[in-house]
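Working notes, beginning with the structure itself.
The values are calculated or read from the model by the stated rules, or taken from the named source; none is laboratory data. Source: prediction; values computed, not measured. All Cβ positions, even for glycine, are placed from backbone atoms using ideal geometry, and neighbour counts span all protein chains on display. Protein only, heavy atoms only, side chains kept; ligands, DNA and RNA dropped before computing areas. Shrake-Rupley method; radii C 1.70, N 1.55, O 1.52, S 1.80 Å.
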Amino acid sequence: MPALSSRTPAPPHRRHWLLALITLCCLGTAQAQCGRPLKVALSDLGLGSYVEQGQIRGLMPDLIAELQARTGCNFDLVFLPRARALMDFDHGTVDIITSMLRTAARDRVGAYLPYGYTKHDLLVVPEAAAGLQGLADIIRRPELTLGVVRGIRTSERIDAHLEQLLAIRRAEYSTDFANLAAKLSARRVQAALMPNAVYLKLRRDGALPADLVVVDEPEARPQMLGLYVNRQAVAARTLALLEKQLDEMVRSGWMRQRYAQHFGEAETRRMEEALKPR
């Protein structure tokens with residue numbers, strides 16, 4: 001048998017053995033960095049994450065799948081009500097929670113890894129939309145009632161307007177966005193404050209009237225969204241790996257491409273324009 005040279009291909013059995021060895025080495029490296037599979041909590045948040053035909057879909061599942069491909073970490077996705085997801089994260093039984101605004105309270109539990117933005121807008125029934133430019137106009141018009149989902153906050157100015165409307169009984173809470181959409185459809189409320197990821201999905205599903213007017217509330221600028229990674233449950237080396245790869249996904253434009261895919265190019269550009277200094 002002639003000696004193998006650099007130009008002679010390895011026998012099939014040897015190539016298979018080398019491939020298996022490389023695969024085992026890569027798996028071993030990923031396991032050393034990531035350890036056990038990481039539990040990721042997703043919730044029904046419009047285009048961010050939703051269940052369709054038994055599958056979890058949306059921007060967040062795409063993000064997690066890309067992180068898995070880039071890091072070699074394994075992720076277990078669980079779909080939970082938002083309140084339950086937050087509770088489990090705080091108790092350490094969930095490793096990662098998505099679509100989060102940064103808060104000082106949650107910083108004590110997790111590390112914040114930003115990836116994008118959310119934008120809240122006013123949805124107004126067409127017969128009430130003339131001349132309406134924001135929440136301040138709703139306050140001045142006693143015939144209008146605002147609907148909001150409990151727990152939604154955007155900025156200090158928006159919160160102040162909401163508190164004023166609640167105090168004069170011109171705003172009412174809904175348990176979730178589906179309930180709020182039903183109130184808008186029935187004209188029980190004439191306006192609602194919703195994040196764009198939610199109302200775009202509701203519109204696509206036919207759960208919101210097609211003739212609703214979207215008012216770009218001037219005091220509701222885009223807010224940064226990110227992942228929270230539980231520092232007590234996730235090793236520091238794994239956290240560093242996730243942070244590095246997510247930062248690269250943002251820097252390279254991967255996240256921007258996925259926003260355009262899920263939200264549409266026009267909405268993605270609108271958020272970008274809103275982020276520019278005024």
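Karplus-based coupling profile of the range 154-168, in residue order and whole Hz: 10, 8, 4, 5, 5, 4, 5, 4, 4, 4, 5, 5, 5, 5, 9, with θ = phi - 60° in 6.51 cos²θ - 1.76 cosθ + 1.60 and x standing for Gly or Pro. For the range 168-237, trypsin sites (Lys or Arg not before Pro) are listed when DSSP marks them as loop and at most 12 other Cβ atoms sit within 10 Å of their Cβ; the list is Arg169, Arg187. Multiplying the residue separation of Ala236 and Thr175 by 0.36 nm and removing their Cα-Cα distance gives an extension gain of 18.2 nm.
Heavy-atom accessible surface of the chain, averaged per residue, reaches 53 Å², computed with a 1.4 Å probe. Of the GluC sites (Glu not before Pro) found in the range 72-168, those that fall in a DSSP loop while having at most 15 other beta-carbon atoms within 10 Å are Glu143. Accessible surface for His120 stands near 10 Å², nearest 10, in the context of the full protein assembly shown (1.4 Å probe).
Among Gly110, Gly54, Gly134, whose mean-square fluctuation peaks in a Gaussian network model of the chain (Cα, cutoff 10 Å)? Of Gly110, Gly54, Gly134, the most mobile in the Gaussian network model is Gly54.
Computed from the C-beta positions of Ala207 and Arg108, the FRET efficiency with R₀ = 41 Å rounds to 0.65. Could you identify which residue out of Thr71, Thr238, Thr175 has the top mean-square fluctuation in a GNM of the chain using Cα springs shorter than 10 Å? Top of the fluctuation ranking is Thr175.
Residues of the range 207-251 with an amide N closer than 14 Å to a point placed 7 Å from the Cα of Arg278 along the Cα-to-Cβ direction: 216-223. Rolling a 1.4 Å probe over the protein heavy atoms of the chain, with every protein chain left in place, gives an accessible area that is 55 percent carbon and sulfur.
Which residues does the label zone of Asp247 cover in the range 41-76, counting backbone N under 16 Å from a point 7 Å along Cα→Cβ? Those under the cut-off are 71. Given the C-alpha centroids of the range 183-251 and the range 80-149, what is the distance between them in whole angstrom? Here the two parts' Cα centres lie 8 Å apart. Taken one residue at a time, the phi angles of the range 61-66 give Karplus couplings (6.51, -1.76, 1.60, θ = phi - 60°) of x, 5, 4, 5, 5, 5 Hz. Gly and Pro are set to x.
For Asp121, nonlocal amide neighbours, meaning residues 5 or more places apart or on other chains whose placed amide H falls under 5 Å from its own, are Met194, Asn196. Relative to the longest principal axis of the chain, what angle (0 to 90°, nearest 10) does the C-alpha long axis of helix 254-263 take? Relative to the chain, helix 254-263 is tipped by roughly 40 degrees.
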